[in-house]
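A quick write-up on the structure given underneath.
The values are calculated or read from the model by the stated rules, or taken from the named source; none is laboratory data. It should be emphasised that the depicted structure is a prediction, and the values quoted were computed from it without experimental measurement. Please note: Cβ atoms are built from the backbone with ideal geometry, for glycine as well, and neighbour counts cover all protein chains shown. Please note that ligands, DNA and RNA were not included when accessible areas were found on the heavy atoms of the full protein model with its side chains. Shrake-Rupley method; radii C 1.70, N 1.55, O 1.52, S 1.80 Å.
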Amino acid sequence: STAPPGGGTRETIVGMIAGLVFFSIALLPSFGIVGSMRFPDLAERFLYLPSVGVIIVLAFGLRWLARRFTVRAAIVPFVILTVAFTPHTWARNSDWKDNLVLAGADYEKGVRDIHVLRALVQGNLDAERYYRAVEICDRNKRKLRDPNFGNKCGFAFARVGRYDEAEKTLLLALDKGRGASSV
């Protein structure tokens, strides 16, 4: 037997499974397994990749619906999904505007991961929002032992005139950094 034009059911199933596998693998950077390694602040930026897997699944599913019913019957669910998810996509894209906004959105949601704190303090320093950077450092003093975070906070303290605290924090970061330099 020959497959109908445009591929058979077996091809459709294989294509949809491939899309689901792509989707699953593309989610890995968002999990602590991969995301906590060397590129944590990039992990969420790469979350658009799972949408490629979803598009693969949708494409094969759309093709199957079009062959099984009509092209119109296949397009209607696609249009409904597009309309339903567009507002969420726009809202999340505004969170991804830049590193400061992205880290700020995570921080407001309760994420106090050291990588988020570093990005948030650095973004505020870059934007010359020194008091906001200091506020974050003050709220997360236990994490000043992290050399990178402590260094950023030390500079923030100096920018607002808290020189004794800046010196203490920078020396702690330098001391901890020396211990971590062999990594």
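Normalising the average separation of contacting C-alpha pairs (under 8 angstrom, six or more residues apart) by the number of residues puts the relative contact order of the stretch 109-183 at 27 percent.
For an R0 of 25 angstrom, estimate the FRET efficiency from the Cβ-Cβ distance between Glu108 and Val54 and round to the nearest 0.05. After rounding, the FRET efficiency stands at 0.40. Accessible surface calculations at 1.4 Å, restricted to protein heavy atoms, place the stretch 64-183 at 65 Å² per residue.
The residues neighbouring Asp126, those whose beta-carbon lies less than 11 Å from its own, together hold a net charge of 0 under the Lys/Arg +1, Asp/Glu -1 convention. With a Förster radius of 45 Å applied to the C-beta separation of Val83 and Ala127, the computed FRET efficiency comes to 0.80.
A straight chain from Glu167 to Asp98 at 0.36 nm per residue would run longer than the Cα-Cα distance by 21.8 nm. Which lysines, on any chain, are close to Lys176 with Cα under 26 Å apart, when same-chain ones fewer than 8 places away are left out? Candidates past the 8-residue exclusion: Lys141, Lys143, Lys152, Lys168.
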